[in-house]
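Take a look at the structure set out below.
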Amino acid sequence: MAVALGELAVRFGCELRGDPQVQLERVATLAGAGPGELAFLANPRYRTQLAATRASAVVLDAAAAADCPTAMLVSSNPYATYARIAALLHPPAPLAAGVHPSAQVAAGAQIDPSAEVGPLTVIGPGVSIAARCYVGPHSLIEAGVVLAEDVRLVARVTLGARVRIGARTVMQPGVVIGGDGFGFAPERGTWLKVPQLGSVQVGADVEVGANTTIDRGAIEDTVIEDGVKLDNLIMIAHNVRIGAHTVIAGCVGVAGSTSIGRRCMIGGGAGFAGHIVVADDVVVTGYAMITHSIERAGVYSSGIPFEEARAWRRLVARFKRLPLLEGRVRALEQAAGLKEPEEQGGDDE
Amino acid sequence: MAVALGELAVRFGCELRGDPQVQLERVATLAGAGPGELAFLANPRYRTQLAATRASAVVLDAAAAADCPTAMLVSSNPYATYARIAALLHPPAPLAAGVHPSAQVAAGAQIDPSAEVGPLTVIGPGVSIAARCYVGPHSLIEAGVVLAEDVRLVARVTLGARVRIGARTVMQPGVVIGGDGFGFAPERGTWLKVPQLGSVQVGADVEVGANTTIDRGAIEDTVIEDGVKLDNLIMIAHNVRIGAHTVIAGCVGVAGSTSIGRRCMIGGGAGFAGHIVVADDVVVTGYAMITHSIERAGVYSSGIPFEEARAWRRLVARFKRLPLLEGRVRALEQAAGLKEPEEQGGDDE
Amino acid sequence: MAVALGELAVRFGCELRGDPQVQLERVATLAGAGPGELAFLANPRYRTQLAATRASAVVLDAAAAADCPTAMLVSSNPYATYARIAALLHPPAPLAAGVHPSAQVAAGAQIDPSAEVGPLTVIGPGVSIAARCYVGPHSLIEAGVVLAEDVRLVARVTLGARVRIGARTVMQPGVVIGGDGFGFAPERGTWLKVPQLGSVQVGADVEVGANTTIDRGAIEDTVIEDGVKLDNLIMIAHNVRIGAHTVIAGCVGVAGSTSIGRRCMIGGGAGFAGHIVVADDVVVTGYAMITHSIERAGVYSSGIPFEEARAWRRLVARFKRLPLLEGRVRALEQAAGLKEPEEQGGDDE
């Protein structure tokens, strides 16, 4: 399917510079694009590739326009404009409405006739699947689950009993929603399982990455609010709440009963202790260890960038004798008749 | 199903304070409970919610009893008592004994007639499934696997060839037991796969969280002893041994041939080097990097709590010039005629 | 199947010391071996077990031969020689060529008659499966995927549309190749999904561990070159490239558009920022946080080994007051009339 550049400009509200009759068939990278292809420039890192692009058109912002050798769409948000054009030029395959004959569907499940339920899926009793949902191959939807309109379970998604999923939410392969929370009561040297009786509520327009897991609540539900985006291999424990439009990169863990605010951005590999509260609009950088609540919006870190290993070992050795170094400074201060600053005189434990 | 408070007191050995005829139908949180509901107080963090609870009864310890506005069960271990009552009031669905017609069962597999084998499961040759096991949808049980009584594979669990699972063990969705260990021999700049010929032995009363993986041993078996509890997204490498009643939180990695003792508690995101031995009764806090063996019970750490990013960058900058700071202190000591402590005079590599 | 030691020596080019007629039936560990069993010694850690071994023969290098109490094969690379002998003595089950009747195969999929396609698999339209492939139970191969010869999908592997897998590559259970990359454009406080239109190219002789995920590229493909070995629970983001014969241990995350060189060795739990380039022959130790490009071969680190928790808390407290300590040293220098080294006089942000 080809679309004229002029039509894209009108449709997505961009300023057109160049021939409105240029036909665009698909998207490509600045470096890789050729005739009939549309590229975009959003990350300044790639600006050097602009002058040499052979794309038929480029989406970019006004500041970059002067360097563009070809037709262009000028947008105040070129990445979002690109995303919309890419979705137009590369639409997903249309749904094949109906239930595949190899699916195992319990009596009493309600499946909208416009939904597609793929091969070798299992749909439990009392499940409700709304219009235009896609339930990909090997997915399992346990009893009482509710899917709102246009939910897309790409493949092999497991939804435990009574999980609720909001409209347009997308789940990548291997996602597990509603596994048991990790609750055990210590008793005479062993651990007694605490029944996990809550479920999971996932809002609308959420995305959940491959092999990410979200556990069911112990008594009440674990909650993922609207617009949350979770990358792959993330662990959300029981009774966590993730606020609307928060985005979390891969390999993050959030321990039980923690609440993360709205519009937060969490870097890869970060970890959150249990039973803490993180405010709205918090940014956490990669690998940070969030051990207590964060009350104000801001940027928070704890990971330490790498060094060449020999230099790193020297740093670690110095780190490990910091108490000794502090003692040497104290001795010097005494010898010099300088007073040690009061705030660190006491015991630090 | 409703149960009288008096009956609960007798059955679980609690002291009853209040009307023994109060009927309990389900459990709830202190803050959310209403009539017919039983709450509990175990974590002091929630003590402030006790006075206002509308629960019909509360399980708590003697120290908290004075603040309780309603009927109560006084227990020396309120969390364990709550767990037992919750299991009584909210029993799991009874098994539907038998093999689902869509299951693919190899000739020669032994399945106890009281077991339930769910839809779209695959059971290999020589498998033995004991009484009252539950094999959830999409599970795969490869050749020669043995499940003891009352094992519960919630859904989509993969058990590789010859894996053995002890009684009452529970596996959440997405678990993989018996994938190949990561063994490769370097040879002329490439890596030659080393056959992974061992299997995995999992004890009784073990729990394995969603998408956790436990690799098969290279020659002998990887071993998870009785009562171990593993959270989600944990990686247990080949030939590891986890001692009985050890509990490991999410996102932990344990490298090959490492042995962790009994009754250990491992925080989320921690990591263990290979070929080390960790004693019994060790506590490892979240994100700690365990690089060598631990010979004595105790608490061990290495993660650094976060700071506001600007402050953190200042700390990292200072950390990176620690050798320089130490040199400045040495120069001051020389100028002051103070002797540098001997133990750090040498080269630290 | 038993093989004579003399035959092994000839076949694998080892020096034989001892009786060539000794029959070997299987492999075992040095400590656990008995008659008919072959052990190996490659890791010096296990050298103390050599003298007492009851193996019928041992594979080892010339330096260890003097301590060996039994017949032996002397090899310059005993681990690789062991791997080859183990594969000979313990061959995988032969393929049962053909498509299982419960498999769901789209019209137009090309499956070589020598391939085995297991139960409850799903094969999409336009898929091409070459000779001697094994597609294990519950695997899903979406439209247009190409498998070269001898690919082995152990079980429950998901390959998204248009993924290409090279010859002899092995994927453990739960692997997801070709889930959507994590791409969202910020727009007025929400996140707009950016279509992920690329796919994933995986080379020959690659191994991918259980529950590891490799996302499809945004526009162009994510690339895993020949001979790469990935352990379990690794996250490879969109448009990453991993160079040939690089080996990555478990729980590592690599963010989008990062390129890792050839023959690198990456320790468990390490993390890579996005849009960086790592040179060939780089070693990264466990838990290191790689925040920027690495231009030269070498060893790089950032994790800090653990301490007993009380000592650790003291270290962290000192770390957090490093700016204060530096100020105290500066005051001492001023009092002593020593000049502060210039390179750290300025603002460090």
Discussion item. Can you show me the helix-derived [θ] at 222 nm for chain B, built from DSSP H runs with n ≥ 4 at -39,500 (n - 2.57) apiece and divided by the number of residues, rounded to the nearest 500.
Written reply: -4000 deg cm²/dmol
Practice prompt. Any chance you could list P(r) for segment A:212-263, counting all Cα-Cα pairs in 5 angstrom bins from zero, rounded to whole %?
Written response: 6, 24, 31, 31, 7, 1
Worksheet entry | Cα centre as origin, Lys/Arg/Asp/Glu Cβ charges: chain B dipole, Debye | 740 debye
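Over the protein assembly as shown, what is the percentage of antiparallel beta bridges among all DSSP beta bridges, to the nearest 5?
Values: 33 of 234 bridges.
Percent antiparallel among DSSP bridges in the protein assembly as shown is about 15.
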Practice prompt. Count, for each residue of A:220-233, the Cβ atoms from other chains sitting within 10 Å of its Cβ, then give me the mean as a whole number.
Written response: 4
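Could the peptides C:201-214, B:74-87 be put in order, highest first, of the mean number of other beta-carbon atoms found within 10 Å of their residues?
Numbers: C:201-214: 26.4, B:74-87: 21.6.
Ranked by mean Cβ neighbours within 10 Å, highest first: C:201-214, B:74-87.
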Fill in: Reach of B:Lys229 by Cα under 25 Å, taken over lysines that are not fewer than 8 positions away in the same chain
A:Lys193
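Tell me whether segment A:3-89 comes out rounded, prolate or oblate; compute the Cα gyration tensor, take square roots of the eigenvalues as a ≥ b ≥ c, and use a/c under 1.5 as the rounded threshold.
Details: a/c = 1.39, a/b = 1.21, b/c = 1.14.
Judged from the Cα gyration tensor, segment A:3-89 comes out rounded (a/c under 1.5).
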Practice prompt. Run through the other copies and list how far each one's label point is from that of B:Ala63, in nm with one decimal, shortest first; the point sits 7 Å from Cα along Cα-Cβ.
Written response: 5.8, 5.8
Worksheet item: Can you give the alpha-carbon Rg of segment C:168-208 over 2.2 N^0.38 Å, where N counts its residues?
Response: 1.67
Discussion item. Normalised by the empirical 2.2 N^0.38 Å for globular proteins, what value does the Cα Rg of segment C:121-227 take?
Written reply: 1.10
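Looking at chain B, what % of the alpha carbon pairs are farther apart than 25 Å?
Details: 40547 of 60726 pairs.
For chain B, the fraction of Cα-Cα distances above 25 Å is 67 percent.
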Response to the item:
Computed on Cα atoms only, the convex hull of segment A:29-179 has an orientation-averaged projected area in nm² of 10.8 nm²
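With N set to the residue count of segment B:246-349, report its C-alpha Rg divided by 2.2 N^0.38 Å to two decimal places. Before the final figure, lay out each step's value.
Working: Rg = 18.9 Å, N = 104, 2.2 N^0.38 = 12.8 Å.
The reported ratio for this selection is 1.47.
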Worksheet item: For segment C:245-349, which trypsin sites (Lys or Arg not before Pro) are both in a DSSP coil and crowded by at most 14 other Cβ atoms within 10 Å?
Response: C:Arg296, C:Lys339
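Based on the Cβ-Cβ distance of B:Gln23 and A:Ala107, what FRET efficiency does E = 1/(1 + (r/R0)^6) give at R0 = 35 Å, to the nearest 0.05?
Approximately 0.60, to the nearest 0.05.
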Worksheet item: What residue among A:Arg152, A:Arg17, A:Arg216 shows peak mean-square fluctuation when chain A is described by a Gaussian network model with Cα springs under 10 Å?
Response: A:Arg17
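How do B:183-189, A:245-251 rank on mean C-beta neighbours within 10 Å, highest first? Could you put the intermediate results ahead of the total?
Details: B:183-189: 15.3, A:245-251: 25.4.
Result, highest mean first: A:245-251, B:183-189.
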Worksheet item: Non-local amide H neighbours of A:Arg54 (under 5 Å, H modeled in plane, Pro and chain starts lacking H): which ones?
Response: A:Ala33
Fill in: Within straight-line cross-link reach of A:Lys320, aspartates and glutamates at Cα separation under 14 Å, skipping those fewer than 8 residues along the same chain
B:Glu326, B:Glu343, B:Asp348, B:Glu349, C:Glu307, C:Glu308
Worksheet, complete the sentence: Taking max minus min of the Cα coordinates of the protein assembly as shown on each principal axis, largest first, gives extents in Å of 88, 85, 82
Fill in: Cα pair distances in segment A:1-54, grouped into 5 Å bins until the bin that holds the longest one, percent each
4, 20, 25, 27, 18, 6, 0
Worksheet, complete the sentence: Inter-copy distances for A:Pro92, label 7 Å out on the Cα-Cβ vector, sorted ascending, nm, one decimal, are 3.3, 3.3
Worksheet entry | Separation between Cα centres of segment B:111-189 and segment B:2-23, rounded to whole Å | 40 Å
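Charges only on Cβ, +1 for Lys and Arg, -1 for Asp and Glu: so what's the dipole of segment B:110-201 about the Cα centre, in debye to the nearest 20?
Numbers: 8 positive and 7 negative charges, 34 e Å.
In debye, rounded to 20, segment B:110-201 gives about 160.
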Discussion item. As an exercise, find the ratio Rg/Rh for segment A:169-314 from alpha-carbon atoms, using the Kirkwood inverse-distance average for Rh.
Written reply: 1.03
Item to complete: For segment B:98-300, give the magnitude of the charge dipole about the Cα centre (Cβ charges: +1 Lys/Arg, -1 Asp/Glu; no others), in debye to the nearest 20.
Response: 220 debye
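Please compute the average number of Cβ atoms from other chains found within 10 Å of each residue's Cβ in peptide C:280-287.
Numbers: counts 0, 1, 0, 1, 2, 7, 9, 15.
Averaged over the peptide's residues, the number is 4.
Every read-out reported here was derived from the displayed coordinates using simple, explicitly stated rules and does not represent laboratory data. Small disclaimer: the values here were computed from a predicted structure and weren't measured. Counting neighbours? That spans all protein chains shown, and the Cβs are built from the backbone with ideal geometry, glycine included.
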